[in-house]
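A short worksheet on the structure shown next.
The values are calculated or read from the model by the stated rules, or taken from the named source; none is laboratory data. Keep in mind that this is a model prediction, so the values were computed, not measured. Positions of Cβ are generated from backbone atoms using ideal geometry, with glycine treated the same way; all protein chains shown enter the neighbour counts. Side chains are part of the model used for accessible areas, which takes the heavy atoms of the whole protein and leaves out ligands, DNA and RNA. Shrake-Rupley method; radii C 1.70, N 1.55, O 1.52, S 1.80 Å.
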Protein chains: 2
Amino acid sequence: MAGTDRTQQQIGGGPDIILVGPQLGENIGASARAMLNCGLTAMSLVNPREPWPNEKAVKMSSGATEVLDKAQLFDSIEAAVRGLNRVYAATARPRDNTQRVVTPRHAAEEMRQAVAAGERVGVLFGPERAGLKNEDLLHADTIMTVPLNPAYASLNLAQAVLLVGYEWFQTGADAEPEALRMNATRPANKQELGYFLDRLEQELDASGFFHVDDMRPTMVGNLRTLFQRANLTEQEVRTLHGVVSSLVKPTKPRN
Amino acid sequence: MAGTDRTQQQIGGGPDIILVGPQLGENIGASARAMLNCGLTAMSLVNPREPWPNEKAVKMSSGATEVLDKAQLFDSIEAAVRGLNRVYAATARPRDNTQRVVTPRHAAEEMRQAVAAGERVGVLFGPERAGLKNEDLLHADTIMTVPLNPAYASLNLAQAVLLVGYEWFQTGADAEPEALRMNATRPANKQELGYFLDRLEQELDASGFFHVDDMRPTMVGNLRTLFQRANLTEQEVRTLHGVVSSLVKPTKPRN
C-alpha cells in the first residue's frame, strides 16, 4: 500500500540493461534513473558515442549514480551478452528476421521465471535515433515491442528503459492493486457504524425528517447504504457524531 | 503483433491529463509526447509557471503538437476537474487524508470501464519538485501510486505520465503477448517438417552417424524434438534442406 506498508521488494537480480551505441550522456543518465526506479542496477554500455565516464550522465541520473558507477563498458554486443542465457531486443519496428515477438509484460514474466531458475538475462536497447540494426537483433533470442499508439510509437531511450523496468518490477511487486490509506486510524467496525446510524435515525425522527411514514423504510435504507458504501474509518464515525451533535445542538447561535 | 498487424486501436476517449503547476515547458512537451505515445490527447494545464504557449514545450514534444495545440489552460484544479466524473491524483507520497489508493494498472481498468459507461475521467499530476499538495488531493476521488523501488521512487513528470498512459493503453490494446514475426513466409506444416526430419535421418544413417544401435531411438528423438521446438517456418525448412544437401554433397571441394 503506497510504498510505506508494502513489504520489502526483491531488488536486484533483474535483467542487464544493455544500451547499444547510446549517443548522449544525458540519455544514459536518465536511463540509469529509470532503472533504479525499478530496482535494476546492472547497466552495460556498448560503444557509447561520448567518452565514459560522463558528467552529463551523472547530472541526469538524479542520484542514481550507483547504476552509473557499476556500468560495464563493452566494444561489441557479442561481448556484452556473452555471460547471459537469454537476451531480448527492444525495438519498435518490424524487421526481416523471423523471431519471436513479445510484449514487455510477457517478457517480464519470462524473465522473472528465468532469473528464479538461475539464468542471467538482458535487454538490448538501440541508439536514440536509429534503434537497433537488423544484425544487432541476431544477438537476441526474442524481440520485445511495447504496444503503443501505432501512429506515434517512438519512445525516447529512458522511457523505453522505464517501461521494461516497470514491467519487471510489477512481476515482483506485491503492492495491492487497491487499498485504503489510513493514517493513525482503522476501519470502523459494524458496531460503531451501527451505533452512529441508529443515532442518526433517532435524531432525524426527533427532528421530523421522516414526515411521510410510507417513505420511512426507503429513506432509512438509503441513508444506511450511503454511509456503508463510504467505508468509514473509526475516526470518521466519531467526526460524524460530532457533526450530528453540532447540528442538533449548536454551540454557536444560528444567524 | 508488433505494431503492423495489430488491429486499429481505440484512440481517444481516455483520461484528461491534468498537469498542476508544471514548472518547465520542457516537461510539458515531454508529457505531451508520452501522452500521444499512449493515444491520449486531452491535456489540461493548471497555472503553468512559464507563459503559455511555450516554445520549449513544442521542441520537447517531438511532434506531439496536436496535444499541445489542444491543451486547455485553467487557473485552479477546481476549474480543471469541473466537467469530470472521476478524478485520480498521481502521487508517490503517503498523505494524511483517508483515501482509496490504487495502482495505475488497477486505475486503468477502472477508467476504461468508466469511459465505456460514458463518464469523463482525469488524472492530476503535481509540479516537478514538490508534487501535489495535500489540499490538491482533496479534488481527487482516488490516489494513484506507482509501485516502484521504495528506496528510489521519484519519477520525472513525463515518466509518471507515461506509466499512467501506458497502463491506459494496455487495457485497450489487443497486442498478443507473444507472437512469431514472419516476413514473407509462414509456419512450416508438419508434413514439411516431417519430410525434412525423415531425410535428415536417412542421411545420418547413410553417413554412419547412428553407429550405436541401442542409442538410435534416443538420438532420433532428440533431433526431432530439437527441430520441433524451433517452430520453423516453411522458408527455414527449405534452408535446412539446403544445409543438409550442401554438407552431403559439397559444391566446393573440402580443404
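Taking chain B as a Gaussian network of alpha-carbon nodes connected by springs under 10 Å, the highest mean-square fluctuation of the residues B:A32, B:A79, B:A175 belongs to B:A79.
Using θ = phi - 60° and the Karplus form 6.51 cos²θ - 1.76 cosθ + 1.60, what ³J(HN,Hα) does each residue of region A:62-79 get, whole Hz, x for Gly and Pro? My calculation for region A:62-79 gives 6, x, 7, 6, 4, 6, 5, 4, 8, 4, 9, 9, 10, 9, 7, 4, 3, 5 Hz in order. Could you state the angle between the C-alpha long axis of helix A:190-206 and the longest principal axis of the C-alpha atoms of chain A, as a value from 0 to 90 degrees rounded to the nearest 10? Helix A:190-206 sits at roughly 40 degrees to that axis.
Share of carbon and sulfur in the accessible area of region A:79-212 stands at 50%, probe radius 1.4 Å.
Please compute the per residue accessible area over the protein assembly as shown with all protein chains in place, 1.4 Å probe, rounded to a whole number of Å².
Working: 25830 Å² over 510 residues.
Result: 51 Å² per residue.
Buried between A and B is an accessible area of approximately 5100 Å², summed over both sides with a 1.4 Å probe. Packing, taken as the mean count of other beta carbons within 10 Å per residue, orders the peptides B:106-115, A:185-194 from highest to lowest as B:106-115, A:185-194.
What is the average number of partner chain Cβ atoms found within 10 Å of a Cβ in A:151-160?
Values: counts 7, 12, 4, 6, 6, 9, 0, 4, 9, 1.
The shielding value for this peptide is 6.
Would you tell me the accessible area of A:Y195, worked out with a 1.4 angstrom probe on the heavy atoms of the protein chains, in Å² to the nearest 10? Here the residue's solvent-accessible area equals roughly 150 Å².
For region A:16-172, evaluate the Debye formula with one uniform point scatterer on each Cα (no solvent term) and list log10 I(q)/I(0) at q = 0.17 Å⁻¹, rounded to two decimals. Rounded to two decimals, the profile gives -0.95.
Taking Cα atoms only, the orientation of helix A:25-37 departs from the longest principal axis of chain A by about 50 degrees. With 26 Å as the limit on Cα-Cα distance, the pairs of A:K133/B:K56; A:K70/B:K59; A:K59/B:K59; A:K59/B:K70 that go past it are A:K133/B:K56; A:K70/B:K59; A:K59/B:K70.
For the peptide A:56-65, the mean number of other protein chain Cβ atoms found within 10 angstrom of a residue's Cβ is 1. Considering region B:134-255 at the alpha-carbon level, its Rg and Dmax are found to be 27.3, 83 Å.
Copy-to-copy spacing for A:D141, label 7 Å out on the Cα-to-C-beta vector, in nm, shortest first? Taking the point 7 Å beyond Cα along Cα→Cβ, the inter-copy spacings are 4.3 nm.
Listed by chain and number, the lysines whose alpha-carbon sits under 27 Å from that of A:K190, ignoring those within fewer than 8 places in the same chain, are A:K249.
Roughly how far apart, in whole Å, are the Cα centres of region A:175-241 and region B:187-247? For region A:175-241 versus region B:187-247, the Cα centre distance is 73 Å. The heavy atoms of A:W52 offer some 60 square angstrom of accessible surface to a 1.4 angstrom probe.
Under 5 Å between amide hydrogens, built in the peptide plane, is the criterion, and for A:M144 it picks out A:A89, A:A90, A:T91, A:V102 among residues at least 5 positions away or on other chains. Taking the C-alpha atoms only, the angle from helix A:216-229 to the longest principal axis of chain A is near 30 degrees. Taken residue by residue and averaged, Cβ atoms of other chains lying within 10 Å of the Cβ of B:70-78 number 0. The heavy atoms of A:H211 offer some 150 square angstrom of accessible surface to a 1.4 angstrom probe. With the alpha-carbon atoms of the protein assembly as shown aligned to their principal axes, the span from lowest to highest coordinate is 111, 54, 39 Å, starting with the largest. Label point of A:D75 (7 Å along Cα→beta-carbon): distances to the other copies' equivalent points are 6.4 nm, sorted ascending. Size estimate for region B:190-248 follows the Kirkwood approach: the inverse of mean 1/r over distinct Cα pairs works out to 11.9 Å.
Distance from the C-alpha centroid of region B:96-158 to that of region A:124-163: 28 Å, rounded to the whole angstrom.
Only Cα pairs under 8 Å and 6+ residues apart enter the sum, and on that basis the relative contact order of chain A stands at 22 percent. Each copy carries a label point for A:M219 at 7 Å from Cα along the beta-carbon vector; from one copy to the others these points are 9.3 nm apart, nearest first.
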